[in-house]
């Protein structure tokens with residue numbers, strides 16, 4: 001179950017990354033709402049992509065460690081992240097269409 005949650009979250013994370021890079025190419029780095037991510041995106045898209053991949057890897061490591069001791073909490077947190085990224089992707093899609 002844990003690997004399915006990791007896979008789902010990773011897929012949504014990558015879709016968000018692709019949407020952000022594409023949209024920032026059209027509208028500029030100001031489309032990113034996260035101040036740290038926006039700062040990195042202003043520097044370069046490559047740095048932003050690396051930041052997002054490292055960010056995801058760290059989250060998955062933390063969730064793995066948490067899962068070893070608190071399985072229910074880890075599942076709940078992963079489901080929350082999945083819901084958040086699903087909502088983010090929908091928001092990004094609507095913003096790009098507008």
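Condition (residue is crowded, with 17+ Cβ neighbours inside 10 Å, outside any helix (DSSP H, G or I), touching a helix residue (DSSP H, G or I) at 6+ places or on another chain (Cβ under 6 Å) and touching a residue at least 12 places away in the same chain (Cβ under 8 Å)) applied to the range 39-54: is it met by at least one residue?
No: the range 39-54 contains no residue that is crowded, with 17+ Cβ neighbours inside 10 Å, outside any helix (DSSP H, G or I), touching a helix residue (DSSP H, G or I) at 6+ places or on another chain (Cβ under 6 Å) and touching a residue at least 12 places away in the same chain (Cβ under 8 Å).
Hey, does the range 73-87 have a residue that's surrounded by 15 or more Cβ atoms within 10 Å (Cβ to Cβ) and not in a helix (DSSP H, G or I)?
The answer is no, given that none of the residues of the range 73-87 is surrounded by 15 or more Cβ atoms within 10 Å (Cβ to Cβ) and not in a helix (DSSP H, G or I).
Quick one: would you say residue 61 is touching a residue at least 12 places away in the same chain (Cβ under 8 Å) and part of a helix (DSSP H, G or I)?
no
Are any residues in the range 1-25 touching a residue at least 60 places away in the same chain (Cβ under 8 Å), assigned to a helix (DSSP H, G or I) and more than 21 Å from residue 87 (Cβ to Cβ), and if so, which ones?
The answer is 2, and nothing else.
Looking at 20, 8 in this structure, which one is within 12 Å of the chain's Cα centre (by Cα) and at pLDDT below 95?
20
The values are calculated or read from the model by the stated rules, or taken from the named source; none is laboratory data. Treat the numbers as computed from the prediction; the structure is a model and nothing was measured. When we count neighbours, we look across all protein chains shown, and the Cβ atoms used for this are built from the backbone with ideal geometry, even at glycine.
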